[in-house]
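Worksheet for the structure shown next.
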Amino acid sequence: CKLFQYSFKGVKIYTEGITGYISAKDTAEIMIDLTEKKKFGERFILVENNYSFKEILDKIHDAFNKPRPKIKAGKFLLNTVRFFRLFLPFKTKITRAIIHSALSKSYYSNKKTIQNTDINFTSLNDCISFTCKAFLSLKKD
């Protein structure tokens, strides 16, 4: 939820990390499908696809009609902020682990999941659109 809150406020920076994403609904459907097919004692990677953090932020900002982040935060900038965080006018919880995660590129394959289930993944665009609409409706209440 924090990612959507920050994006709604209009985050201006992004990192070039990459990781896999999947909707919670798809995760639940796959778990039910695998249980019904009695696929016990096996491991499955649940991921719709791999996306860069920039792609995710761009899609969220587009859904909120906010300007996309334009400032790339590389290792030097992130470490500088971490070093000077005590002197900054805003609070930040940036750590070495967060910097590593923000810059890492982790790729995952869903091949085994597709071969063993009948899943039709929810597209990232649909998932983000749904979440942004829900977020906005809660903001109005």
Estimated FRET transfer efficiency (Leu3, Asn79; beta-carbon r; R0 25 Å; 0.05)
0.70
Just the number, please: carbon plus sulfur as a percent of the accessible area of the chain, 1.4 Å probe, no ligands or DNA/RNA counted.
59
How large are Rg and Dmax for segment 70-125 when only the alpha carbon atoms are used, in Å?
18.2, 53
Would you please name the trypsin sites (Lys or Arg not before Pro) within segment 74-141 that are DSSP coil residues with at most 15 other C-beta atoms within 10 Å of their C-beta?
Lys91, Lys93
Which entries of Lys54/Lys133; Lys105/Lys139; Lys38/Lys105 have Cα-Cα distances beyond 26 Å here?
Lys105/Lys139; Lys38/Lys105
About the Cα centre of the chain, what is the dipole size in debye to 20, counting +1 per Lys and Arg Cβ and -1 per Asp and Glu Cβ, all else neutral?
900
Taking a probe of 1.4 Å and leaving out DNA, RNA and ligands, the chain shows per residue an accessible area in Å² of 71
The chain - convex hull of the alpha-carbon atoms, volume per residue in Å³
136
Near Lys72, which aspartates and glutamates are there with a Cα under 13 Å away, not counting those fewer than 8 places off in the same chain?
Glu16, Glu55, Asp58
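The values are calculated or read from the model by the stated rules, or taken from the named source; none is laboratory data. As the structure is a prediction and not an experimental result, all values here were calculated from the model. Reconstructed Cβ throughout: ideal geometry from the backbone, glycine too, with neighbour counts over all protein chains shown. We work out accessible area using only protein heavy atoms, side chains counted, and drop any ligands, DNA or RNA first. Shrake-Rupley method; radii C 1.70, N 1.55, O 1.52, S 1.80 Å.
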